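Working notes for the structure below.
The values are calculated or read from the model by the stated rules, or taken from the named source; none is laboratory data. These figures come from a predicted structure and were not determined experimentally. When we count neighbours, we look across all protein chains shown, and the Cβ atoms used for this are built from the backbone with ideal geometry, even at glycine.
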Amino acid sequence: MDEHPAVFRFEKWLQIYAGKHPSAFYGLYRLARKDQARVVTPDTQLVIEGFPRSANTFARVAFNRAQSERVRIAHGLHVPAQVIRAAKWRIPTLLLIRKPRDAVLSFAVRDPISVDQALRYYLSFYETVEEYRDSYVLGLFEEVTEDFGEVIRRINDRFESTFAPFIHDEQNVEAVFARIERNSRKRFGETSLENKASRPFAAREGLKRKVEYELEDPKRRGLISRAETIYDRLTRKPAPDR
């Protein structure tokens, strides 16, 4: 994709617009001969989905590390269609979310996507899945990266599942990052590792600052406000019963 940014941008366009409609998206996905193992099916045991750069890879790898048996997981397509089908089939679902400014900046640094397109993608994703709020457990970026075991316990409580919680200690976290790095080296090679790998790298912070000013442009104020509003609505805790 680094060599073909136009192809990447077109793929993102499809995710933004077709990703809200399961029949259209999955039809196009099959035509593209993409990895079908990531697609939710009636046999899927867990769905893990979210906007890119929202701890998607960490959640999947950490979840798998905690389980003693293989779990069929649908993941990493970054489209509402996955959540919509999971809701239809009543499949346990973890929806990941990160504050919009942080998620958009991280995404724009990693991939050849404009800030405007990234913001519209964020809005398309979360405004669509809001309608299915009762069908998934929401996992905030901070919760997943700091106490993922508690997130898995919430999944078990909500869906009456018996997934093993992740023990969120230094040893397990380092093992997760090591696995992510190995996978990234295989996929991207050494040249693009720091920019592409789904784990923190200090060098990426410098790149972030170069695109951060774009979010401050007044013409993006409306998109940012909408993104922050949907984040607040989804993450707002319900008032306690009286």
Review point. Does the range 84-103 hold any residues that are over 24 Å from residue 23 (Cα atoms), among the β-branched types (Val, Ile, Thr) and over 12 Å from the mean Cα position of the chain (by Cα), and which are they?
Key: none
Review point. Got a number for residues in the range 39-75 being in contact with a strand residue (DSSP E or B) (Cβ under 8 Å, 6 or more places away or on another chain) and surrounded by fewer than 18 Cβ atoms within 10 Å (Cβ to Cβ)?
Key: 5
Review point. Somewhere in the range 146-154, is a residue in contact with a His (Cβ under 7 Å, 6 or more places away or on another chain) and either in a loop (DSSP other than H, G, I, E, B) or of a type in the set (A, V, I, L, M) (or both)?
Key: yes
Point to revise | Qualifying positions in the range 157-185 - among the polar types (S, T, N, Q), modelled with pLDDT of 95 or more and closer than 21 Å to residue 47 by Cα | key: 161, 162
Exercise for review: Enumerate the pairs (first residue in the range 24-37 and farther than 22 Å from residue 72 by Cα; second residue anywhere and modelled with pLDDT of 85 or more and of a type in the set (A, V, I, L, M, F, W, C)) with beta-carbon separation below 8 Å, excluding pairs fewer than 6 apart on the same chain, so at least 6 apart or on different chains.
Suggested key: 24/18; 28/18
Exercise for review: Report yes if some residue within the range 14-28 is touching a strand residue (DSSP E or B) at 6+ places or on another chain (Cβ under 6 Å), outside any strand (DSSP E or B), crowded, with 22+ Cβ neighbours inside 10 Å and of a type in the set (Gly, Ala, Ser); otherwise report no.
Suggested key: no
Check your understanding: Does residue 164 meet the test of being surrounded by fewer than 18 Cβ atoms within 10 Å (Cβ to Cβ), of a type in the set (A, V, I, L, M, F, W, C) and not in a strand (DSSP E or B)?
Key -> yes
